[in-house]
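As structure tokens, the structure follows; a few thoughts come after it.
The values are calculated or read from the model by the stated rules, or taken from the named source; none is laboratory data. Here the structure is a predicted model, which means the values were calculated and not measured. Positions of Cβ are backbone-derived with ideal geometry, glycine not excepted, and every protein chain shown enters the neighbour counts. The accessibility values were calculated without ligands, DNA or RNA, using every heavy atom of the protein model including side chains. Shrake-Rupley method; radii C 1.70, N 1.55, O 1.52, S 1.80 Å.
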Amino acid sequence: MSKYQLVATSAMGLEAIVAQEVQDLGYETRVENGKVYFEGDETAIARCNLWLRVADRVKIVVAQFPVHTFDQLFESTKAIEWEKYLPVDANFPVSGKSVKSKLFSVPDCQAIVKKAIVEKMKLHYKRLGFLDESGATYKIEVSILKDVATLTIDTSGAGLHKRGYRQSQGDAPLKETLAAALVKISKWSPTRPFVDVFCGSGTIPLEAAMIGQNIAPGYNREFISEDWTWMKAKIWEDARNEADDLAKYDEPLEIIGSDIDHRMVSIAQENALEAGFADLITFKQMQATDFTTKFTDGVIISNPPYGERIGEKEEIEKVIREIGKIMKNYPTWSVYMLSSMENFEELYGKKATKKRKLFNGFIRTDLYQYWGQKSNRDN
């Protein structure tokens, strides 16, 4: 087994949750904006891809060095032992980005990194002509920030939010990684009832079910690094067996998702069926303002519409006002609402216990947290 410098990338504001996830898997972390760095071997690569619910991707940090000229970028890239990672037939597309740096032309940076790797590979593998790149794919990225270049190889492939259960979705779907983050922030436990009154395609309830039964989010999908020669099949087999052993498939859960749109409810049911939760999650067509419950100590987590279309804003404001009134009848319930409305607290009729700034895609939102009173029930 080799040691690698790894990085789990995340959306802004979610780094601490990703760092905790990595630490829970047994690795020490260092956090920067949108990045959680840690060290690990091939097993760590497999386990982190399978288990990280909130991270976007897991990448290998191949090298980091200062760059002020294209010559520097070429020579420093060529000096790397690429043969440690790339076999002679590797397909290695290069993507790039540059922020606040002298080398601001991304196409030029990509071309130079590609050329430098080709030169090094031809030298090491004693090839005179072209490299045919007919083998497994190793997605390389050159990222230059304030004149420091970081070269990474993506081990995930499709982003980690692609769980494999989403058959279809609505117009403005919530990313699975953000949905999982909302559940984690709430500290919901499987002994408590869980409701999403704006469930859409069912992402938040589905992520809650996976957390409740401790099912690895990447269990039913493939990763780009499974095709790599040095990521042996047994590593993945062992990591999946571990995930299977740790899953609590018999954990009873009380999870309900509701939406006013019957079409979305059908989509949510299809997604639940694909995820294996058809009998575990109840989806129903219902207005959010018709919420009632006989349970105590529950948790509502929802992403209500942001009212961006004409006429919608007034309608959703009315709904939020009504929900605020309804929840006064359920003092032991905790409510978590992700909204871009700056007057949310005023509409809800109560100041949030806590607010947390999060980005839903490119939309700046706040997670308004209303913590319920503790009842006599033993949680």
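In table form, for the structure just shown:
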read-out: Whether region 90-159 is rounded, prolate or oblate, judged on the alpha carbon gyration tensor where a/c under 1.5 counts as rounded; value: oblate
read-out: Gyration tensor (alpha-carbon) shape descriptor, region 4-154, a/c threshold 1.5; value: oblate
read-out: Which of H161, H68 is most accessible, then next, and so on - probe 1.4 Å; value: H68, H161
read-out: The chain - mean residue ellipticity at 222 nm from DSSP helices (-39,500 (n - 2.57) per run, n ≥ 4, rounded to 500); value: -9500 deg cm²/dmol
read-out: For the chain, accessible area per residue (1.4 Å probe, heavy atoms of protein chains only), Å²; value: 49
read-out: Karplus-derived 3J(HN,Hα), 6.51/-1.76/1.60, for each residue of region 51-65, Hz, glycine and proline x; value: 9, 6, 8, 10, 6, 7, 7, 10, 10, 8, 8, 6, 6, 9, 7
read-out: Read-out Rg and Dmax of the Cα atoms in Å, derived from the coordinates shown; its label in (1) 33.7, 115; (2) 22.3, 75; (3) 23.4, 77; value: (3)
read-out: Relative contact order for region 259-379, counting Cα pairs under 8 Å that sit 6 or more residues apart, in percent; value: 23
read-out: Farthest positive-ward along region 4-154 dipole, Cα basis, beta-carbon charges - from V58, A90, S101; value: S101
read-out: Sites matching chymotrypsin sites (Phe, Trp or Tyr not before Pro) across region 321-365 that sit in DSSP coil, with at most 11 neighbouring C-beta atoms within 10 Å; value: F362
read-out: Proximal lysines to K122, defined as alpha-carbon separation beneath 27 angstrom and excluding residues fewer than eight positions away on the same chain; value: K3, K59, K78, K84, K97, K114, K139, K232
read-out: Antiparallel DSSP beta bridges within the chain, percent to nearest 5; value: 65
read-out: Among V18, V67, V335: highest mean-square fluctuation, GNM of the chain, C-alpha pairs under 10 Å; value: V67
read-out: Qualifying chymotrypsin sites (Phe, Trp or Tyr not before Pro) in region 127-214, DSSP loop, other Cβ atoms within 10 Å at most 14; value: F130
read-out: Sequence-distant residues sharing a close amide H with K284 (under 5 Å, placed H); value: G257, S258, D259
read-out: Out-of-range pairs (alpha-carbon distance over 24 Å; input K294/K354; K35/K357; K162/K248; K120/K146; K294/K357); value: K294/K354; K120/K146; K294/K357
